[in-house]
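The values are calculated or read from the model by the stated rules, or taken from the named source; none is laboratory data. Remember, it's a predicted structure, so these values are computed and weren't measured experimentally. Positions of Cβ are backbone-derived with ideal geometry, glycine not excepted, and every protein chain shown enters the neighbour counts. Quick note on the areas: whole protein, heavy atoms, side chains included, nothing else; ligands and nucleic acids left out. Shrake-Rupley method; radii C 1.70, N 1.55, O 1.52, S 1.80 Å.
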Amino acid sequence: MKNNKIIRTRYAPSPTGLFHIGGARTALFNYLYAKKYNGDFIVRIEDTDIERNVENGINSQLSNLKWLKIFPDESPLNPGNYGPYIQSERLQLYKEKASFLLDTNLAYRCFCSPDKLEKNRKKALKDGQTPKYNRNCLSLTQDQINKNLEDKIPYSIRFKMPDNIDIEWDDIIRGKIKIPTSALTDPVILKSNGIPTYNFAVVIDDFYMKISHVIRGEEHLSNTPYQIAINNALKINQEIVFGHLSVIIDESGKKLSKRNMDVKQFVEDYKNMGFPPEAILNFMYLLGLSSQDNKEIFSLLEAIKNFDILKVSKSPTTFDFKKMEWISSEHFKMMSDSVFTAFVKPFITVNFEYLKDKQNDIILLFKNQISYAKQLNSLIKETFFKPKQFADFVKEFSFLNEPATIKLIKLFYKKINALNNWDIFLITDLINELKKETNASGKNLFMPLRVFASHHSHGPELAKVIYIIGKAKVLANVKKFLDDDKEK
């Protein structure tokens, strides 16, 4: 915020997999920080890890950001003035910057083979040391280098880390951090195939895209000193503010990583289950950030207004699926009936059979009961389309075939049959009349009526269920169970 500097944050995923919850949280926090200060939020695709890139990886990132309603100011789909927005389109620039570091003796060619490097790594581990490059190629003479080049020995380019200094930065989330270069190695910045490594490319990308703040996951803490050192060597002198978000863990304490498949952890999973995007955003906002006044349900606009990067937790944050379900259920309740119905309908696979004209009424019965849209299928089936036999109910609830219950049901049948108009209010009045005339209440009233009318023991509001089933079907259901009772 110094000198009214324009805030430009970025979300820079690699297309090596689907849109992960951790990545989505990073994208959201970058977006919130930028919008809080009227800045720009940029999406850049870092696709230079060619071997790990997966088909549809880029589309998963961009389409799911759109679904979440996180709209970047600049991206591969809506480029601005600071492109390209796909890393592989900047390869020539990376080579030029690597050559600059070679020419200024701030980098050197490394001719060590992968086998030799692996052998040295294993030896260091065996000796109880942190694996580091031994700088074997730093001491090569120019004649040796020329001979290797003439022999066409493959080489990478390594950055020469400064000796015996501390690299420091004020982390916007974690405070002052200091790393001695003695703990670091000379990183490869350009691989033998001409592809830049992550720590080299992002420094150049962030400079040319005028990024002011880098807010990312805790796992990038170890990358930051390398990026600062490379920034300084390139004489970029770009003052970037770093902030490192806490790790997300599951309820057992394991890091929520792509290797931990005990928990659904891709946005696509929850999108396909029928969670509303507003609920996912709401939940991710609380992953490491407490809301003001203990309020936990809010809109994206409220999140932007209340966002405070200085209050983001440094401690691991737990992915609590039950909490997400609760948040989602609250967002469903806030939807208008028309919006709710339109959202959930694509997720419904139930054949409504004889109740097709009551589809919307049935859907709305469960508006206050679900956390995600696909839950509707089992609820609708269990309430309307999976009837049980009378004998099965009696085994569980023996009072259903007692004289008092049968008397209640016969009176119910008579009153239903006498109704000339079919609406919920009259059905509700009818149930209240039964309560007064029979002195039945609670379970002894509602359970028999539900069982005989719908052939189910549980469900939403009884009067609404009876109304939806319809007069003819209710009478048929009651008669069948009364006949079954006689046979017994």
Fill in the blank from the handout: Scanning region 69-92 for residues that are part of a loop (DSSP other than H, G, I, E, B) and open to solvent by less than 50 Å² (accessible area, probe 1.4 Å), the one nearest to N282 (Cα to Cα) turns out to be I70
Exercise for the section: For region 386-405, indicate whether the set of residues that are of a type outside the set (A, V, I, L, M, F, W, C), open to solvent by less than 40 Å² (accessible area, probe 1.4 Å) and at pLDDT 90 or above is non-empty. Expected result: yes
Problem - Count of residues meeting criterion [in a loop (DSSP other than H, G, I, E, B), at pLDDT 95 or above and touching a Gly at 6+ places or on another chain (Cβ under 8 Å)] in region 4-41 - result: 1
Practice task
Return yes or no: is V202 out of contact with any helix residue (DSSP H, G or I) (no Cβ under 6 Å at 6 or more places or on another chain) and not polar (S, T, N, Q)?
Solution key: yes
Exercise for the section: Filter region 343-374 down to the residues that are surrounded by 15 or more Cβ atoms within 10 Å (Cβ to Cβ) and of a type in the set (V, I, T), then identify the one that is farthest from A453 (Cα to Cα). Expected result: V344
Exercise for the section: Please give the helices (runs of 4 or more DSSP H) falling wholly within region 300-403 in which 3 or more residues are under 28 Å from S441 (Cα atoms). Expected result: 359-365, 390-396
Problem - Leading residue by the ranking (surrounded by the fewest Cβ atoms within 10 Å (Cβ to Cβ)) among those in region 438-479 that are outside any helix (DSSP H, G or I) and over 39 Å from the mean Cα position of the chain (by Cα) - result: G442
Practice task
Inspect region 29-43 for any residue being touching a Lys or Arg at 6+ places or on another chain (Cβ under 8 Å), open to solvent by less than 20 Å² (accessible area, probe 1.4 Å) and not hydrophobic (A, V, I, L, M, F, W, C) and give the result as yes or no.
Solution key: yes
Handout entry: Conditions (1) at pLDDT 90 or above; (2) surrounded by fewer than 18 Cβ atoms within 10 Å (Cβ to Cβ); (3) under 28 Å from D484 (Cα atoms): number failed by N377
Key = (3)
Handout entry: Residues of region 110-147 satisfying the condition of being open to solvent by less than 70 Å² (accessible area, probe 1.4 Å), of a type outside the set (V, I, T) and in contact with a helix residue (DSSP H, G or I) (Cβ under 9 Å, 6 or more places away or on another chain)
Key = C110, F111, C112, N120, P131, Y133, N136, C137, L140
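Every residue, every condition in (1) modelled with pLDDT under 95; (2) touching a Ser or Thr at 6+ places or on another chain (Cβ under 8 Å); (3) open to solvent by 30 Å² or more (accessible area, probe 1.4 Å); (4) part of a loop (DSSP other than H, G, I, E, B), yes or no:
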residue: D206; (1), (2), (3), (4): no, no, no, no
residue: Q238; (1), (2), (3), (4): yes, no, yes, yes
residue: S252; (1), (2), (3), (4): yes, no, yes, yes
residue: K258; (1), (2), (3), (4): yes, no, yes, yes
residue: D262; (1), (2), (3), (4): yes, yes, yes, yes
residue: L287; (1), (2), (3), (4): yes, yes, no, yes
